[in-house]
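One structure below.
The values are calculated or read from the model by the stated rules, or taken from the named source; none is laboratory data. All figures in this text were calculated on a predicted structure; none of them were measured in a lab. Positions of Cβ are generated from backbone atoms using ideal geometry, with glycine treated the same way; all protein chains shown enter the neighbour counts. Note: areas computed on protein heavy atoms with side chains; ligands, DNA, RNA excluded. Shrake-Rupley method; radii C 1.70, N 1.55, O 1.52, S 1.80 Å.
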Amino acid sequence: MTPDTTSDFTDLKTCIVVIRNVPCHKCEQCGEVIFDFSVCERLEQIVDTLRDSLTEIAVVQYSSKVA
């Protein structure tokens, strides 16, 4: 596993949230992605902020400043 970034996709039924440049650990052989616990918490915060969005698709950058 090596440090890398990826995109995370969440379908809220009323909105699709795409979060870009999410820090992760990625397997060099199979491409499997694993997130640290703190990253998972941050992803949940970002998605919760966009849950009641009036848009059908939201694309945001992962950072501590989002949400």
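Here are a few things to note about the model shown:
- Selection of region 1-22 for residues being open to solvent by less than 50 Å² (accessible area, probe 1.4 Å) and touching a strand residue (DSSP E or B) at 6+ places or on another chain (Cβ under 8 Å) yields T2, T6, S7, D8, T10, C15, V17, V18, I19, V22.
- Which listed residue is assigned to a helix (DSSP H, G or I), open to solvent by 80 Å² or more (accessible area, probe 1.4 Å) and on the phi < 0 side of the Ramachandran plot, from E41, E28: E41
- Among residues of region 7-28 that are of a type in the set (S, T, Y), those with a beta-carbon under 8 Å from a residue that is open to solvent by 60 Å² or more (accessible area, probe 1.4 Å) and in a strand (DSSP E or B) at least six positions away or on a different chain give the pairs S7/R20; S7/N21; T10/I16.
- Residue count for region 44-61, restricted to those that are in a loop (DSSP other than H, G, I, E, B), open to solvent by 50 Å² or more (accessible area, probe 1.4 Å) and touching a residue at least 24 places away in the same chain (Cβ under 8 Å): 3
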